[in-house]
1. Identify all residues within segment 165-196 that are farther than 21 Å from ASN106 by Cα, under 18 Å from the mean Cα position of the chain (by Cα) and among the small types (Gly, Ala, Ser); write none if there are none.
2. What do you reckon, is SER155 small (Gly, Ala, Ser), out of contact with any strand residue (DSSP E or B) (no Cβ under 9 Å at 6 or more places or on another chain) and either touching a residue at least 60 places away in the same chain (Cβ under 8 Å) or not in a loop (DSSP other than H, G, I, E, B) (or both)?
3. Which residues, taken from segment 162-214, are under 16 Å from ASP66 (Cβ atoms) and either of a type in the set (Lys, Arg) or touching a His at 6+ places or on another chain (Cβ under 7 Å) (or both)?
4. Looking only at segment 55-76, decide whether some residue is modelled with pLDDT under 75, in contact with a strand residue (DSSP E or B) (Cβ under 7 Å, 6 or more places away or on another chain) and surrounded by 14 or more Cβ atoms within 10 Å (Cβ to Cβ).
5. ASP76 is checked against (1) in a helix (DSSP H, G or I); (2) over 21 Å from SER42 (Cα atoms) and fails just one. What number does that condition carry?
6. Assuming ALA70 fulfils every condition listed in (1) farther than 30 Å from THR200 by Cβ; (2) not in a loop (DSSP other than H, G, I, E, B) apart from one, which condition is it?
Amino acid sequence: MLLELNQLIVPAGHQLLMKDISWATYKSILAELGENRSYRVSYNQGVLEIMAPLPEHEVGKVIIGDLVKALLEELDIEFWSLGSTTFDKESMDAGVEPDDCFYIENEAKVRGKERINLEIDPPPDLAIEIDITSRTRFNNYQALKVPELWRWNGSRLEINVLVEGSYVQTNQSRNFPNFPISQVIPEYLMLCKTDGRNATMKAFRSWIRQQIAS
């Protein structure tokens with residue numbers, strides 16, 4: 001019995017795991033789901049995961065992404081934000097769609113490209129996952145060699161950096177070594193709930209300038 005993708009219903013906040021999925025089937029599923037969808041897909045060594053985010057998942061994703069953009073802009077660092085772009089690599093049998101991601105150090109190497117091919121292009125320098133629905137697995141990101149991965153669980157920001165092929169949890173960001181990222185990102189996320197998005201972004205930019213000046 002063949003199962004059509006349009007028969008699948010994944011409620012918000014839940015995930016569907018399928019095993020023994022070939023690379024060709026994974027790519028076919030991605031194509032059938034299309035780019036304009038609410039589901040997020042990850043794949044590693046034959047295991048496919050389809051996840052439907054909750055609304056609070058999307059709020060955290062957007063605000064953290066905005067804070068990272070503000071930080072990069074105030075530091076006058078060129079970057080490219082690719083959101084939940086699908087990154088995969090057949091030679092590593094892995095694929096992932098981060099909640100948000102940024103090319104920072106390697107921005108110039110992918111600047112202007114309409115398609116990213118991880119067989120020849122570098123992976124994003126920073127990936128962000130919102131772990132309110134489920135806990136992000138490291139294996140996909142390790143296989144694709146993403147240098148830094150942030151995980152937000154709704155109250156705590158966990159920073160992981162790639163060291164000799166494995167992630168090590170740390171309090172210091174590789175991309176922002178001079179800023180207490182794990183402390184300030186949660187503070188301004190909470191502030192956004194009481195003061196509003198625009199007021200929070202203005203306050204955050206002011207804080208960044210004070211840090212730069214000092």
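The values are calculated or read from the model by the stated rules, or taken from the named source; none is laboratory data. These numbers come from a predicted model, not from an experiment. Here the Cβ is made from the backbone with ideal geometry for all residues, glycine too, and neighbour counts use every protein chain on show.
1. SER182
2. Details: small (Gly, Ala, Ser): yes; out of contact with any strand residue (DSSP E or B) (no Cβ under 9 Å at 6 or more places or on another chain): yes; either touching a residue at least 60 places away in the same chain (Cβ under 8 Å) or not in a loop (DSSP other than H, G, I, E, B) (or both): no.
It is false that SER155 is small (Gly, Ala, Ser), out of contact with any strand residue (DSSP E or B) (no Cβ under 9 Å at 6 or more places or on another chain) and either touching a residue at least 60 places away in the same chain (Cβ under 8 Å) or not in a loop (DSSP other than H, G, I, E, B) (or both).
3. LYS193, ARG197, LYS202, ARG205
4. Of the residues in segment 55-76, the ones modelled with pLDDT under 75 are 55-59.
This time we only want the ones that are in contact with a strand residue (DSSP E or B) (Cβ under 7 Å, 6 or more places away or on another chain), so: 57.
Subsequent filtering for residues that are surrounded by 14 or more Cβ atoms within 10 Å (Cβ to Cβ) retains 57.
Yes; the residues of segment 55-76 include at least one that is modelled with pLDDT under 75, in contact with a strand residue (DSSP E or B) (Cβ under 7 Å, 6 or more places away or on another chain) and surrounded by 14 or more Cβ atoms within 10 Å (Cβ to Cβ).
5. Only one criterion is unmet by ASP76, namely (1).
6. (1)
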